[in-house]
Amino acid sequence: MSTLKKPKYAILLVFVAVGSFLLGSTADRTIHAADNIFSSTRLLMGVLNLVNDNYVEEVQPGELIYAAIDGMLEVLDPHSSFLSKESFAEMGERFSGKFYGIGIEFDVLDGFLYVISVIDESPSEAVGLQSGDRIVRIDGESAIGIKHDEVRQRLRGEKGTRVDVTIERPGVEERFDVTITRDSIPIRSVRTSFMLEDQTGYIQLIRFAKTTSRELETALDRLQQAGMERLVLDLRGNSGGYLDQAVEVSSKFIPEGHVIVKTMGRNRGSNQTFKSISGVNHREMPLVILLDHRSASASEIVAGAVQDWDRGVIAGTRSFGKGLVQTLFAEPHLTDGSALKLTTARYYTPSGRMIQRDYKNKSFQEYVEGSFSEAGEAGETGHETGSGAESGTDEDRADEADEAD
């Protein structure tokens, strides 16, 4: 009997030895990584102290730290970013469903602030602002040369407060002044919906916010009552938003239980599969999805799933190609109200294609401009129909125009 047991003891000793080696290797790697972080942090603090004590002008250490964080994240990828307390609050506002402002969608072209559209039932509609109006002064100060962020700062404010704007309108010789009282502005996802012809409906979806699925369902029901039997879903210019809304929108057209998107990352928790959910559906309706080079994030999740399951036709031009997942880290990780959007995984279509466009060895400007230069016919996924809505919120830097205030 003793001769039969010896091999078992020997095998056990081998497993113990291998286990000890692996544990030791893991511990060594952890200690080595901690040493690297400590020495690098000490270097950073050394430089910060030297700058603070010796730079030719007085500096603000907080600003230097924020700049160092930005530089650190730029090394990683184009979509990891640090949000100050103010930027984090604003990002949540954009996707919460409402904010306080005057109710326009705008763009800054050649330094001039244009009204792109006026939000229904908003203060701007009440005072008669129109698409094409040019705002040249805000509260008596020139708005010529204004930046996007400055527009939000100067037009938004507390409910009930007033802002004076000076307007130039095509066909009207003289400038005129308007006083607008700020109020709650709904952030709508469905910009427009109507019947293109007797049986064809059209819906333009401009973002994936908290109310997107509900708004889309309302529009679909209304068009079906009007006789819609096929749909054109326009996602051009839609730079993304909530992942769960992308899944819910896809679920309206793809049978329950089918994979919509997969995520894979370095940590086990980043590996997830999102499937079509039950509920109201329109799964028999012929479908065309329109994309362009600004369609990114959640838009590409929907398009990729529809394409992979052969559920509809993708038309337009090649989309942006963002297939990186950002996880939002705020409190308790960061305690000053700021937040970190960190890439933790990559998106894959149901058929397993990674859809992130190449960003290695490119500046952010080159990366964004690549979406223009590479724009070809839509109809292929990969980086042609990318993906990348977040497990949090996002309004990607792929689209700076048509912002709401």
Filtering the range 180-201 down to residues that are outside any strand (DSSP E or B) and in contact (Cβ under 8 Å) with a residue 24 or more places away in the chain yields R182, I187, R188, S189, L196, D198, Q199
Examine the range 304-315 for a residue that is of a type in the set (F, W, Y) and under 21 Å from the mean Cα position of the chain (by Cα), and state whether such a residue exists. no
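Applying the selection to the range 290-305, what residues are in a helix (DSSP H, G or I) and of a type outside the set (S, T, N, Q)?
A298, E300, I301, V302, A303, G304, A305
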Residue set I11, I116, I31, I37; condition at pLDDT below 85 and assigned to a strand (DSSP E or B); output residue I116
Output for Cβ contacts, cut-off 8 Å, separation at least six or different chains, first residue within 22 Å of Y367 (Cα to Cα) in the range 322-344, second acidic (D, E) and assigned to a strand (DSSP E or B), reads V325/E390; Q326/E390; T327/E390; K341/E390
In the range 58-117, anything of a type in the set (V, I, T) and surrounded by fewer than 17 Cβ atoms within 10 Å (Cβ to Cβ) is listed as V59, I65, I69, V75, I116
Filter the range 215-262 for residues that are over 24 Å from H293 (Cβ atoms) and among the hydroxyl-bearing types (S, T, Y); the one that is nearest to the chain's Cα centre (by Cα) is S251
Margin query: It is to be established whether one or more residues within the range 148-163 are aliphatic (A, V, I, L, M), modelled with pLDDT of 95 or more and over 29 Å from R214 (Cα atoms).
Written below: yes
For the structure I just gave you, tell me whether D177 is surrounded by fewer than 18 Cβ atoms within 10 Å (Cβ to Cβ) and either at pLDDT 95 or above or not in a loop (DSSP other than H, G, I, E, B) (or both). yes
When Q204 is run through (1) among the polar types (S, T, N, Q); (2) part of a loop (DSSP other than H, G, I, E, B); (3) farther than 23 Å from Y348 by Cβ, the failure sits at (2)
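The values are calculated or read from the model by the stated rules, or taken from the named source; none is laboratory data. Keep in mind that this is a model prediction, so the values were computed, not measured. Every residue, glycine among them, receives a Cβ derived from its backbone with ideal geometry; neighbour counts consider all protein chains shown.
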